[in-house]
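Worksheet: one structure, shown below.
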Amino acid sequence: MIASSLARQLREAGLKWHPVSGDAFRIESPEFTGEETFTVSDMTIEPHEFDTGTILGFNGTTEWALDSVAIEKALWIPREDQLRTMLGGTFRTLTRLADGTWRVEVERGGERSFFDGDDAETAYGCALLELIDVSALG
């Protein structure tokens with residue numbers, strides 16, 4: 001999972017989030033000072049049998065009372081597969097280096113660039129951040 005600081009940089013660079021089930025996020029609010037991660041999830045629909053018939057129960061779980069949160073206060077933490085997909089046709093390789101870190105290679109306009117990270121997600125995130133920044137300039 002990428003660090004909040006990298007996720008924030010991606011958001012500030014212009015990466016837009018359209019929440020779907022399975023997305024991870026953190027709440028950026030004074031009440032939330034830790035790195036607690038939440039996951040967008042579809043509600044489970046469960047049939048309940050009663051003497052009077054079957055009803056469909058929409059079951060959700062909450063760990064604390066929070067009715068809603070504005071998307072502006074939610075920091076999306078993209079997954080490895082999402083980051084790789086966003087690199088699109090620029091992505092060339094993901095390599096594990098001898099020291100245990102990871103390297104992503106991208107190619108844009110015939111130029112190859114390399115981005116390293118302690119994990120694959122961070123390497124992908126750094127590559128995507130560079131591509132967003134370069135796209136914004138040109």
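Here, each number is a calculation from the coordinates, and none is a lab measurement. Quick caveat: nothing in here was measured; it's all calculated off a predicted structure. So basically every Cβ, Gly included, is an ideal-geometry build from the backbone, and we count neighbours across all protein chains shown.
Calculate the FRET efficiency for K16 and D99 from the Cβ-Cβ distance with a Förster distance of 41 Å, rounded to the nearest 0.05.
Numbers: r = 34 Å, r/R0 = 0.84.
Efficiency, rounded to the nearest 0.05: 0.75.
Hey, can you rank 82-91, 122-131, 18-27 by average C-beta count inside 10 Å, highest first? Display every interim value, and only then the final one.
Working: 82-91: 16.5, 122-131: 23.3, 18-27: 13.9.
Packing order, densest peptide first, comes out as 122-131, 82-91, 18-27.
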